[in-house]
Amino acid sequence: MRYMTAVAVTLSALSFALVAAARAEAPPVAAVAEGVTFTAEAKVTALDLKTRAITVQGEDGKTWSFKVDKKVQNLDKVKVGDIIVVKGFTAVAIALKGPKSGPAGAEVDEAFAKSARGQLPAGAVVERVTLQGKIKAIDPKTPSVTFEGPGGQVTTVKAKDAKNLEGLQVGDDVTVTLLEGLAVGVEAPPKK
């Protein structure tokens, strides 16, 4: 549990830092920042270490089986009854580009972490995609912003509140930063 909490805190801190960095790249005239987090758990009901096959039961009672990639270390530490915890987030920041922001383009950054040898398996990944583009449409009813990025790729991003779209106009040059993070870890079942 401590490892997953540390990973979740690290992911949250990194997401806020990346959103702040996206805003700092070009002083925004207007900005939108949205985020969603989630947590899910599944109980290990069967495990075959030789084939690396695992069966889990979700909180909804449904079961599914899959093979664990060889990159996952310490699978031998997992036991039937252990809990797999998945925590994740998605965040979006849209900022108007300043006059010296540069041409349209795209940039992708990733960060990874995994458990040390001898610990229960755990890992985390955060990906940041930054796109330079132009607003093509604003829909205050949905509310959402559609923008065209490099190579003519069109993307629509939803906002939680139409107020977050105030100050944006069709034709504005924007920097859009999309963040996604996922942490997966195995925890021993709670002691009764």
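Tell me, in nm to one decimal, what length is gained between Glu166 and Thr55 on full extension, where the rule is 0.36 nm per residue of separation less the Cα-Cα distance? Mind showing how you got there, number by number?
Working: separation 111, 0.36 × 111 = 39.96 nm, distance 4.79 nm.
35.2 nm is the gain from fully extending Glu166 to Thr55.
Full extension of the chain segment joining Trp64 with Ala40 gains 7.2 nm, where the gain is 0.36 nm per residue of separation less the Cα-Cα distance. In the structure shown, the pairs Lys43/Lys191; Lys70/Lys114; Lys134/Lys160 are assessed against 18 Å; a Cα-Cα span above that value is assigned to Lys134/Lys160. Look at where the Cα atoms of the stretch 80-96 and of the stretch 140-155 average out, and the two centres are 24 Å apart.
For the stretch 52-158, the calculated P(r) over all alpha carbon pairs, in 5 Å bins from 0 to the bin holding the longest distance, is 2, 8, 14, 15, 12, 9, 9, 10, 11, 7, 2, 0 percent.
Subtracting the Cα-Cα distance of Ser144 and Asp76 from their residue separation scaled by 0.36 nm leaves 19.9 nm. Along its three principal directions, the equivalent ellipsoid of the stretch 33-74 from the Cα gyration tensor extends over semi-axes of 25, 16, 7 Å, largest first. Placing a label point 7 Å from the Cα of Lys191 along the Cα-to-Cβ direction, the residues of the stretch 72-93 whose backbone N falls under 20 Å of that point are 77-84.
Bear in mind these aren't lab numbers, they're just calculated from the coordinates by the rules spelled out. None of the values given here were measured: they were computed from a predicted structure. No Cβ is skipped: glycine too gets one built from the backbone with ideal geometry, and neighbour counts run over all protein chains shown.
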